[in-house]
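J.: I'd like to ask some things about the structure below.
The values are calculated or read from the model by the stated rules, or taken from the named source; none is laboratory data. Every value quoted in this text rests on a predicted model; they were computed, and no experiment measured them. Every residue, glycine among them, receives a Cβ derived from its backbone with ideal geometry; neighbour counts consider all protein chains shown. Remember, those area values only see protein heavy atoms, side chains included, never the ligands or the DNA or RNA. Shrake-Rupley method; radii C 1.70, N 1.55, O 1.52, S 1.80 Å.
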Amino acid sequence: MQFFRIRLILALVVGITLVSVASTYFEALARKHVLRQELERRTAWLSTSLQSDMEKTVARGRNAEIAAEVARLRSQDEALGLAVYNMQGGLVAEADPAGVFAELPHGPLNKAIQQGVNSAVFGHKDDQQWLEEAIPLHDGGRVSGALVILEDARYIRAEGIAVWRQSFWRIAAFVLLIVGVTLLMVRWFLMRPMKRVADRLRRLRIGDTADVADASIEKLSLFTPLAREVETMAESLIEARAAARTEARLREAGEHQWTAERLAVHIRERFGSSRLFVLSNREPYMHVLQGRETVCMVPPSGLVTAIEPVLLACNGVWVAHGSGSEDALNVDEFDRLRVPPDDPRYSLRRVWLSSEEESGYYDGFANEGLWPLCHIAHTRPIFRASDWECYQRVNEKFATALLREMEGSANPIVFVQDYHFALVPRLIKAARPAARVAIFWHIPWPNPEAFGICPWQAKLLDGLLGADLIGFHIPLHCNNFLSTVDRVLESRTDREHMTVRRDGHTSSVRPYPVSVAFDGSKPERRTPRLSREELLKKFGLHCETLIVGVDRMDYTKGIVERLMAVEKLLEEHPFYLERLTLAQIAAPSRSRIPSYVNLRRHVEETVERINQRYQTTLWKPILLIERQCSHADVDLWYRAAAVCLVTSLHDGMNLVAKEYVVARDDEDGVLVLSKFTGAATELLDALVVNPYDTEGVAEAIHQGLEMDRSERLMRMQRMRHYVMDHNIYRWAASILGDLHELRLESPAAADLGHAQPASVSPAEVVDRKLA
């Protein structure tokens with residue numbers, strides 16, 4: 001540190017000195033030039049005034065008179081030297097106190113005599129400096145001699161010396177001031193933050209993770225890139241230490257809990273050099289404009305949490321719809337970018353959709369057709385031929401992009417996500433028979449009668465059966481799928497082994513209950529817990545008991561039925577009036593679809609009716625929060641609520657129930673859970689209800705509020721242990737591990753029926769398969 005300061009001081013002194021010397025040199029040069037010009041102008045004026053008098057004297061031809069005139073003129077200016085020369089350059093008379101006329105160069109004199117023009121030149125001898133001005137003298141129109149005037153120019157040198165003397169003291173002051181200010185700035189804005197960083201790293205190295213916010217990005221705003229790297233490294237070190245402690249504890253206890261690190265190792269050992277290709281509608285990272293700055297954000301999705309560790313482990317590729325407003329500006333010429341931004345370790349390939357395609361494929365067929373069809377929430381599905389055409393076209397587009405990314409990859413693994421891409425597995429398998437293809441259906445699969453509403457059910461089933469492995473949340477959905485295949489397609493279904501054989505290809509059907517990230521190895525770094533009073537204060541409300549509901553604004557979530565159950569609770573148990581509030585977080589969703597617009601209106605009207613019936617100045621029974629909340633914001637509501645209501649009318653899994661359990665690190669709280677969710681088959685200690693039974697839901701809420709604390713703790717502890725054991729990493733390991741263990745037909749034999757010329761593109765393979 002001391003050596004650094006010495007080098008910095010020396011560098012500053014040398015730099016400032018060089019700059020100042022150069023500046024002073026040019027300043028002195030300019031000053032000298034100005035003074036010389038002034039002297040030349042003054043001498044020229046003087047010569048003009050003397051010329052006529054001297055010409056008259058010289059014309060008379062008397063040397064004595066000329067000498068007397070020269071002496072007279074010289075006596076009027078002590079600094080003046082005068083001399084008169086004849087036509088031959090001979091000295092006629094002089095007044096020369098300094099004795100320099102003998103040393104004068106004859107150039108100006110000769111020029112004045114021969115050319116008849118004024119000529120001036122600066123000269124010097126020892127400490128003498130002068131300006132010599134030669135003026136021609138005329139007699140009757142011809143040159144008869146010359147008058148030479150000498151002006152003392154020593155003051156010009158004196159002025160230059162004075163400039164350098166002043167600059168010396170100015171340079172010294174600048175050096176002291178700038179060095180002092182720089183050292184202070186280095187100390188306050190560089191050394192102190194770096195010292196905090198070094199201290200933080202030292203404490204991390206010795207295992208002390210307390211008070212690690214000292215070197216936060218905010219405090220290192222001048223060094224944002226370095227700060228981010230330090231933050232990333234610090235978090236990685238914390239997580240690595242925590243993971244190591246957890247692994248050691250699990251080995252000691254003989255447990256096999258899944259973590260992100262264990263999942264990465266598990267996949268790397270089984271798949272070796274094979275690359276994983278994930279396909280989903282939602283992308284893991286999106287670029288959006290916030291103010292004038294483009295930021296890269298992670299959309300709220302449990303899928304990213306589950307799949308990203310695998311992609312990080314095997315340098316995989318994620319193919320997804322580029323939906324961010326700035327996504328197109330942040331990809332290369334192949335629509336790719338490396339992610340995560342701070343530590344790029346896998347590729348994201350973005351696929352672009354037109355507004356027509358997005359409307360027909362996503363809003364239309366996927367969410368107005370398949371979504372209500374599969375959820376059986378008494379909302380009529382709408383199927384349009386134009387939407388089906390868009391759905392097919394978009395599936396082709398994504399399959400083509402995926403095949404292009406797979407070029408050159410041996411034995412690729414393809415993991416397709418959800419009902420948006422039911423046709424993709426068949427397209428991929430037709431082009432790459434050796435690829436291992438899995439698809440996970442994140443929503444329920446209805447019974448065959450319900451699914452038969454879809455006019456294109458056979459094509460959807462055929463597309464899905466292109467996969468080697470088809471995953472659902474619970475066994476009921478698997479059985480419904482097998483029954484639907486039995487009824488619609490010509491195939492051989494093996495209920496005992498849960499497989500379907502069609503056109504020489506076998507598809508396995510398995511239940512894989514999806515979960516949330518909860519491995520117990522990562523230290524709790526949540527924001528401080530807020531009380532219900534602090535959360536409600538910003539809304540101007542007060543209550544003694546808080547219950548919470550967290551959902552998208554979707555008709556499958558049973559929001560209206562939930563509101564009516566709370567109203568019934570207040571009717572049956574007026575004790576809760578002015579004491580209990582339901583905070584309902586309802587994130588806007590699919591606002592371009594009429595059924596969702598109608599639902600939002602119905603929810604708002606129901607909330608307004610109940611509040612008008614019961615509310616007081618500082619209390620109301622329902623607080624409706626209609627905005628997208630971050631995980632951190634939702635976590636605060638989870639931790640402050642005595643009861644969480646999950647009353648979906650039909651759901652594949654519903655991760656809100658598991659998120660609430662994970663958030664309750666105090667092991668308190670009650671979960672009221674719909675029996676029509678996949679989570680109800682796992683979280684057996686929740687209070688399971690029929691969401692259509694308003695009185696039953698109201699009574700379950702009352703039971704939860706009045707439950708003995710010891711029972712609440714016991715139930716929550718058991719649910720937390722189950723979610724920790726069956727977390728998202730176990731889900732990913734199970735489905736990808738089973739995909740690896742499947743016995744596939746020989747790729748060579750499979751390729752015989754799908755051989756394509758080497759020049760055929762992936763798009764042409766897709767087109768031929770569809771034809």
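J.: Name the residues in the stretch 670-702 that are among the aliphatic types (A, V, I, L, M), crowded, with 21+ Cβ neighbours inside 10 Å and within 22 Å of K568 (Cβ to Cβ), would you?
T.: If the condition is that a residue be among the aliphatic types (A, V, I, L, M), crowded, with 21+ Cβ neighbours inside 10 Å and within 22 Å of K568 (Cβ to Cβ), then V670, L671, V672, L673, A680, A686, V689, V697, A698, A700, I701 are the ones that fit.
J.: Assess whether H442 counts as being within 35 Å of the chain's Cα centre (by Cα), within 22 Å of G369 (Cα to Cα) and open to solvent by 10 Å² or more (accessible area, probe 1.4 Å).
T.: yes
J.: How about the stretch 460-505: which of its residues are touching a residue at least 60 places away in the same chain (Cβ under 8 Å), within 43 Å of the chain's Cα centre (by Cα) and open to solvent by 10 Å² or more (accessible area, probe 1.4 Å)?
T.: The one that is touching a residue at least 60 places away in the same chain (Cβ under 8 Å), within 43 Å of the chain's Cα centre (by Cα) and open to solvent by 10 Å² or more (accessible area, probe 1.4 Å): I474.
J.: Run A458 past the list (1) closer than 27 Å to G324 by Cα; (2) at pLDDT 95 or above and report the number of the one that doesn't hold.
T.: Going through (1) closer than 27 Å to G324 by Cα; (2) at pLDDT 95 or above one by one, A458 breaks only (1).
J.: While we're looking at this one, here's another question. Does A641 satisfy being small (G, A, S) and either at pLDDT 95 or above or open to solvent by less than 40 Å² (accessible area, probe 1.4 Å) (or both)?
T.: It is true that A641 is small (G, A, S) and either at pLDDT 95 or above or open to solvent by less than 40 Å² (accessible area, probe 1.4 Å) (or both).
J.: Another question about this same structure. Could you tell me whether S359 is more than 33 Å from the chain's Cα centre (by Cα) and either of a type in the set (D, E, K, R) or closer than 24 Å to G463 by Cα (or both)? Walk me through it before giving the result.
T.: Working: more than 33 Å from the chain's Cα centre (by Cα): no; either of a type in the set (D, E, K, R) or closer than 24 Å to G463 by Cα (or both): yes.
Spelling it out, it is not the case that S359 is more than 33 Å from the chain's Cα centre (by Cα) and either of a type in the set (D, E, K, R) or closer than 24 Å to G463 by Cα (or both).
J.: From the residues in the stretch 545-575 that are in contact with a strand residue (DSSP E or B) (Cβ under 7 Å, 6 or more places away or on another chain) and not in a strand (DSSP E or B), which one is surrounded by the fewest Cβ atoms within 10 Å (Cβ to Cβ)?
T.: For the stretch 545-575, the residue satisfying everything is M553.
J.: In the stretch 468-477, is there at least one residue being closer than 25 Å to V317 by Cβ and assigned to a loop (DSSP other than H, G, I, E, B)?
T.: yes
J.: I'm told D53 meets every condition in (1) buried (at least 16 other Cβ atoms within 10 Å of the Cβ); (2) of a type in the set (D, E, K, R); (3) touching a helix residue (DSSP H, G or I) at 6+ places or on another chain (Cβ under 8 Å) except one. Can you identify the failing condition by its number?
T.: So the condition that D53 fails would be (1).
J.: Name the one entry in L570, L563, L546 that is under 27 Å from G696 (Cβ atoms) and over 40 Å from the mean Cα position of the chain (by Cα).
T.: L570
J.: Restricted to the stretch 259-309, and to residues that are under 16 Å from H740 (Cβ atoms) and among the aromatic types (F, W, Y), which residue is least open to solvent (accessible area, probe 1.4 Å)?
T.: Taking the candidates together, the pick is F277.
J.: Another question, if that's okay. Step by step: first the residues of the stretch 586-613, then only those that are free of Cβ contacts under 8 Å to residues at least 40 places away in the same chain and not in a helix (DSSP H, G or I), then the one that is least open to solvent (accessible area, probe 1.4 Å). Which residue is that? Give the derivation first.
T.: First, the residues of the stretch 586-613 that are free of Cβ contacts under 8 Å to residues at least 40 places away in the same chain: 589, 591, 594, 597-598, 601, 604-605, 608-609, 611-612.
Next, only the ones that are not in a helix (DSSP H, G or I) stay: 589, 591.
Details: S589: 18, S591: 88 Å².
Here the answer is S589.
J.: If you check E55 against the conditions, is it of a type in the set (D, E), at pLDDT 75 or above, more than 60 Å from the chain's Cα centre (by Cα) and under 29 Å from K32 (Cα atoms)?
T.: no
J.: Let me ask something else about it. Pull up the stretch 411-423, narrow it to residues that are β-branched (V, I, T) and closer than 9 Å to L279 by Cα, then point me to the one that is surrounded by the fewest Cβ atoms within 10 Å (Cβ to Cβ).
T.: Looking at the filtered set, the residue picked out is V414.
J.: Let me ask something else about it. Test each condition in (1) assigned to a loop (DSSP other than H, G, I, E, B); (2) crowded, with 23+ Cβ neighbours inside 10 Å for E667 and report the one that comes out false.
T.: Of the numbered conditions (1) assigned to a loop (DSSP other than H, G, I, E, B); (2) crowded, with 23+ Cβ neighbours inside 10 Å, the odd one out for E667 is (2).
J.: State the number of residues belonging to the stretch 588-613 that are within 20 Å of V672 (Cβ to Cβ) and hydrophobic (A, V, I, L, M, F, W, C).
T.: So the answer is 3.
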